[in-house]
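The values are calculated or read from the model by the stated rules, or taken from the named source; none is laboratory data. Since this is a predicted model, take the numbers as computed values, not measurements. Neighbour counts are summed over all protein chains in view; Cβ atoms, including those assigned to glycine, are modelled from backbone coordinates with ideal geometry. Side chains are part of the model used for accessible areas, which takes the heavy atoms of the whole protein and leaves out ligands, DNA and RNA. Shrake-Rupley method; radii C 1.70, N 1.55, O 1.52, S 1.80 Å.
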Amino acid sequence: MIAATRLVSAALLALLFLISPTAFSTEEDAGLEGLEWRLVGPWRGGRVTTVTGVPGQANLYYMGATGGGVWKTENAGTTWENLSDGHFKVGTIGAVAVSKSDPNVLYVGTGESPIRGVTTSHGDGVWKSTDAGKTWTHLGLKDAGQISRIQVHPTNPDIAYVGVQGQIWGASEQRGVFRTTDGGTRWEQVLKVGPRTGASDLRMDPTNPRILYAGMWNHGRTPWFIHSGGTDGGIYKSTDGGDSWKKLEGGLPAMIGKIGVDVSASNPQRIYAIIEAEPGKGGLWRSDDGGASWELINGHRALHTRAWYYIHIAADPSDENTVWVLSTGLYKSIDGGKGWELIDTPHGDHHDHWINPDDSRNMISGNDGGATVTFDGGETWSSI
């Protein structure tokens, strides 16, 4: 019986060799030359970790997927067009930013920042377009690994700041905050904390581009473990355009993990931070004096669960008491972070959220189902 089984197996292998692609006739190959592949569905987005809109153009949005590159919609999410295929060398995107003073200028940071051990791949630095995504130039920072956020100066598109989270699997020097003042020809590392501590978030004061806040995260992964937290991490502030930085304390935990931070445009003294920390110290923190002092407003676990995957926040630009936390669900507070409402969305697992500074009812959410747009404050959304 065993010998017969071996004979059958050998015969099957021989048959597989006989029907290999090289066995097909050249006539059959020639008949397929005029055909091209096209996607016929199902239409479904994948995980998106960065989104942005363009003020003054309510139907124009960009998204960066974790494996699909950079995409653009000009009809508020009804259809999407890929911009990076054929240009970028990687598909994982960590940050997309549009210049406010010249919307043709886009900066893209590669390398998704939610560091999943099983799917996250590293990026290859920063790309830039000066024609709204038609053509691209690589600007360097190829060893950044993961990039979490890019901030562009509101009146000068040549000045930009890149929050580099860094490599996942080991220590690396290319971490922290990098600045360019010449459109990306040269980069200066203006904030460096340590070889395992990178920027999990970076925000510019909407009323004063000289003021920046960086969430610095001591972290790293192995195939079986994630390291998150250290005493050198925390919230750092610059008041001189990145020339110098000060670590904020004022009641914040000494041992701190991943951080998401944002500034209220209607009251720039109001700073929100979603923080991973020791038990009893993690949650939604708030400062009402520009970061000098802090208070833990709400420590509910839903706001800061699974920190390496979430910990993202967005402050409403027109109401200092309205803030959004992005987690398994999309959470909204209208009382400064004390109470929270779960907003119904087409898909869960939220990673980025852009709010139109001219109309806070208009937003785009980046989540594990793609990117969805709303014009009524989250009552209805475009499809995934």
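Assuming charge only on the beta carbon of Lys and Arg (+1) and of Asp and Glu (-1), the dipole of the range 245-287 about its Cα centre is about 120 debye to the nearest 20.
Loop exposure criterion: GluC sites (Glu not before Pro), DSSP state outside H, G, I, E and B, at most 16 other Cβ atoms within 10 Å. Applied to the chain, the longest stretch between such sites is 250-378.
Rounded to the nearest 10 degrees, the angle from helix 2-18 to the longest Cα principal axis of the chain is 80 degrees.
Each residue of the range 229-238 is assigned a 3J(HN,Hα), and the resulting list reads x, x, 8, 8, x, x, 9, 10, 10, 10 Hz, derived from the Karplus form 6.51 cos²θ - 1.76 cosθ + 1.60 (θ = phi - 60°), x at Gly and Pro. Only one of [x] 72, 52, 44; [y] 163, 71, 33; [z] 80, 49, 44 was calculated from the structure for Cα extents along the principal axes in Å, and its label is [z].
Its Cα centre serving as origin, the chain has a Cβ charge dipole (Lys and Arg +1, Asp and Glu -1) of approximately 1100 debye. For a straight C-alpha distance cut-off of 18 angstrom, the aspartates and glutamates reachable from Lys128 (same-chain residues fewer than eight places away being disregarded) are Glu81, Asp85, Asp102, Glu112, Asp143, Asp158, Asp182, Glu188. Considering only Gly183, Ala315, Ser327, whose Cα is most displaced toward the positive end of the charge dipole of the chain, charges sitting on Cβ of Lys, Arg (+1) and Asp, Glu (-1)? Checked the options; the winner is Ser327.
Taking the accessible area of the chain, probe 1.4 Å, and keeping the other protein chains in place, the carbon and sulfur fraction comes to 53%. Residues in the chain average 45 Å² of solvent-accessible surface per residue, probe 1.4 Å, ligands and nucleic acids excluded.
Per residue, the convex hull spanned by the Cα atoms of the range 40-115 amounts to 97 cubic angstrom. Between Gly229, Gly163, Gly111, which gets the highest mean-square fluctuation from a Gaussian network model of the chain, Cα cutoff 10 Å? In this elastic network of the chain, the residue with the biggest mean-square fluctuation among Gly229, Gly163, Gly111 is Gly229.
Rg and Dmax, both from the Cα atoms of the range 277-384 and both in Å, are 13.7, 42. Considering only Ala76, Ala314, Ala171, the Gaussian network model of the chain with Cα springs below 10 Å gives its largest mean-square fluctuation to Ala171. Have a look at Gly34, Gly369, Gly77 and tell me which one the Gaussian network model of the chain (Cα, springs below 10 Å) gives the largest fluctuation. Most flexible of the set in this elastic network: Gly34. The length gained by stretching the chain between Ile334 and Asn75 to full extension, at 0.36 nm per residue less their Cα-Cα distance, is 90.3 nm.
Pairs from the list Lys237/Lys332; Lys72/Lys281; Lys100/Lys258; Lys134/Lys258; Lys142/Lys237; Lys237/Lys338 with a Cα-Cα gap above 32 Å: Lys72/Lys281; Lys134/Lys258. In the chain, helical runs assigned H by DSSP with n ≥ 4 each contribute -39500 (n - 2.57); averaged across all residues and rounded to the nearest 500, the mean residue ellipticity at 222 nm is -2000 deg cm²/dmol.
Couplings 3J(HN,Hα) for the range 287-296, derived from phi with the Karplus relation 6.51 cos²θ - 1.76 cosθ + 1.60 (θ = phi - 60°), are 10, 10, 9, x, x, 5, 9, 9, 9, 6 Hz, where x marks Gly and Pro. Pairwise Cα separations in the range 123-221 fall into 5 Å bins from 0 onward with the following percentages, short to long: 3, 14, 24, 25, 18, 11, 5, 1.
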